Amino acid sequence: QVQLVESGGGLVQPGSSLRLSCAASERTFRAYAMGWFRQAPGQEREYVGAIDKSGGSTQYVDSVKGRFTISRDNAKNTVYLQMNSLKPEETAVYYCAASFVVSGEAYNYRYWGQGTQVTVSS
């Protein structure tokens, strides 16, 4: 079982940046594609993007393309979500998750972190 812990959330002003980290407790992390999801108040959980097991390929939802970057360091068992030019509507709890395949569907993700709150507000 892969255990995931997100960190790096907080309160920032619109236009600011944050980098979220997701640390895996087991070395089997390298065998999984990793996804990021977010859930805003009163909204459905939304797929943000994902990275394949090697870190060689990424996918993003259209709304974050060009602003968000997913990366991973398999030697550190960690995946990152760099978020730039944050918008107020991107206030949400952000989750990382592990899947056997790169997917935008939450049901494909076997393991989930606890989430970290990102608040974008003036």
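Here is a list of conditions, (1) open to solvent by 30 Å² or more (accessible area, probe 1.4 Å); (2) more than 23 Å from Ala31 (Cα to Cα); (3) part of a loop (DSSP other than H, G, I, E, B), and Glu89 meets all of them except one; can you say which number that is?
Of everything listed in (1) open to solvent by 30 Å² or more (accessible area, probe 1.4 Å); (2) more than 23 Å from Ala31 (Cα to Cα); (3) part of a loop (DSSP other than H, G, I, E, B), Glu89 misses just condition (3).
With the requirement that a residue be part of a strand (DSSP E or B) and open to solvent by 30 Å² or more (accessible area, probe 1.4 Å), what does the stretch 28-45 give you?
The answer is Gln39, and nothing else.
List the residue pairs whose Cβ atoms are under 7 Å apart, where the first residue sits in the stretch 32-49 and is farther than 15 Å from Lys87 by Cα, the second is acidic (Asp, Glu) and open to solvent by 10 Å² or more (accessible area, probe 1.4 Å), and the two are 6 or more positions apart or on different chains.
Sorted first by the residue in the stretch 32-49, then by its partner, the pairs are Ala33/Asp52; Phe37/Glu46.
Is it fair to say Ser25 is open to solvent by 70 Å² or more (accessible area, probe 1.4 Å), closer than 13 Å to Trp112 by Cα and either in contact with a Cys (Cβ under 9 Å, 6 or more places away or on another chain) or of a type outside the set (Asp, Glu) (or both)?
So Ser25 fits the description; yes.
With (1) surrounded by 19 or more Cβ atoms within 10 Å (Cβ to Cβ); (2) under 24 Å from Arg110 (Cα atoms) as the list, and Ser7 as the residue in question, which single condition is left unmet?
(1)
Open to solvent by 20 Å² or more (accessible area, probe 1.4 Å), within 26 Å of Gly15 (Cα to Cα) and of a type in the set (Gly, Ala, Ser): does that describe Ser57?
no
Starting from residues that are of a type in the set (Ser, Thr, Tyr) and out of contact with any Leu (no Cβ under 9 Å at 6 or more places or on another chain), keep the ones in the stretch 1-54 and report whichever is modelled with the highest pLDDT.
Among those that are of a type in the set (Ser, Thr, Tyr) and out of contact with any Leu (no Cβ under 9 Å at 6 or more places or on another chain), it is Tyr47.
The values are calculated or read from the model by the stated rules, or taken from the named source; none is laboratory data. All values reported here derive from a predicted model rather than from experimental measurement. Every residue, glycine as well, gets a Cβ built from its backbone with ideal geometry; the counts of neighbours run over all protein chains shown. Areas reflect the complete protein model, heavy atoms only, side chains present, ligands, DNA and RNA absent. Shrake-Rupley method; radii C 1.70, N 1.55, O 1.52, S 1.80 Å.
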